[in-house]
Structures are given as C-alpha cells and as structure tokens.
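Heads up: the structure comes next, in structure tokens.
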C-alpha cells in the first residue's frame, strides 16, 4: 500500500518537474540592442506591436534593414578573406617563372660574352627567381592592403547604416511614448 502511494505521488510529481519554465523570448528592441521602457504603462503585447511598426518605419526611412546589413557584412568579410587568401596564393610559382626567364636571359648573355652559357643561365635563373618573387610579394601585399581597406570601409558604412536605423527606430518609439536608449 505504501509503495503504491509512493508510486502515485512520484508519478504526479514528474510532469511538474519536467515542465521547466521557458526562457523569455527576446524582444525586437533587445535583439537590436535598443533599450525600451514603456512610460505610459503599455503592456508587452502593445510594446511588441509598436516595435514592429517602428521597425518597418525605420527600415523605410533609414534605407537599411539591420538584419540584412549584418548578413551582407558577414558575406563581405568572407569574400575579403577569400580574396586575401587568393592574393597570397598568387605569389606561388612566381619564382619558377622568373627563373625560367632569367635562365634564358643569362644563357644569351653568357653566349654573347663568349662565356659559359650554362653558367650564365644558372646565374640568370637565380636572379630571375629572386626578382620575380620579390615583385610578386610586393604586388600581393599591395593587393591585401587594398582588400583590407575596402573591408574597413564597408564595415564603417554598415555601422553608419545601422546607427541611422537605430535613430529612426528610436524616434518612432519615442513618438509612441516610450523611453529609448541605445
């Protein structure tokens, strides 16, 4: 009898223990890192509706959607990383190409100077490889620097667009009697 009562007690307690409170859903404003306080006692449902309306208004009036801007910034960063890696890869093989050209020139110079064309080719190959590698590295470094500058400019432009959106979003919410800080 005791064991039956214990089993019934545990069975009744299990569903209650299994139900853990869900984490509160994040509001639109908190996702955007904008702090909103209802100054006229607006409830959560009203605030959510007002935030949605202000979001649409801010997108229209600022010219940017922060969620799309964030996705675009991520894609731009990935593309910049790929271009930077491609620029670094472009220096591979430059020494071989320079060595071939240098060997040809060295052999020709060695033949003209009545010296050993093989020796001239070896010297020319070494010199050509060195010059070609340095030139390729310099070009790759310049290309990487340009990619980095473009990436920084894009990030700055994105940050400005998001800032403009937050201003528009805040103005709309303030007009609906909310206190807003971001």
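Just so you know, all these numbers are worked out from the coordinates, no wet-lab data involved. Source: prediction; values computed, not measured. FYI the Cβ positions are ideal-geometry reconstructions off the backbone, even for glycines, and counts take in every protein chain you see.
Quick check: is even one residue across the stretch 42-51 touching a residue at least 40 places away in the same chain (Cβ under 8 Å) and loosely packed, with under 13 Cβ neighbours inside 10 Å?
Applying the first criterion (touching a residue at least 40 places away in the same chain (Cβ under 8 Å)) to the stretch 42-51 yields 42, 47, 50-51.
Narrowing further to those that are loosely packed, with under 13 Cβ neighbours inside 10 Å: none.
No, there is no match, as no residue in the stretch 42-51 is touching a residue at least 40 places away in the same chain (Cβ under 8 Å) and loosely packed, with under 13 Cβ neighbours inside 10 Å.
How many residues are over 21 Å from the mean Cα position of the chain (by Cα) and either under 17 Å from residue 65 (Cβ atoms) or surrounded by 15 or more Cβ atoms within 10 Å (Cβ to Cβ) (or both) if we restrict to the stretch 138-170?
Total meeting the criteria: 5.
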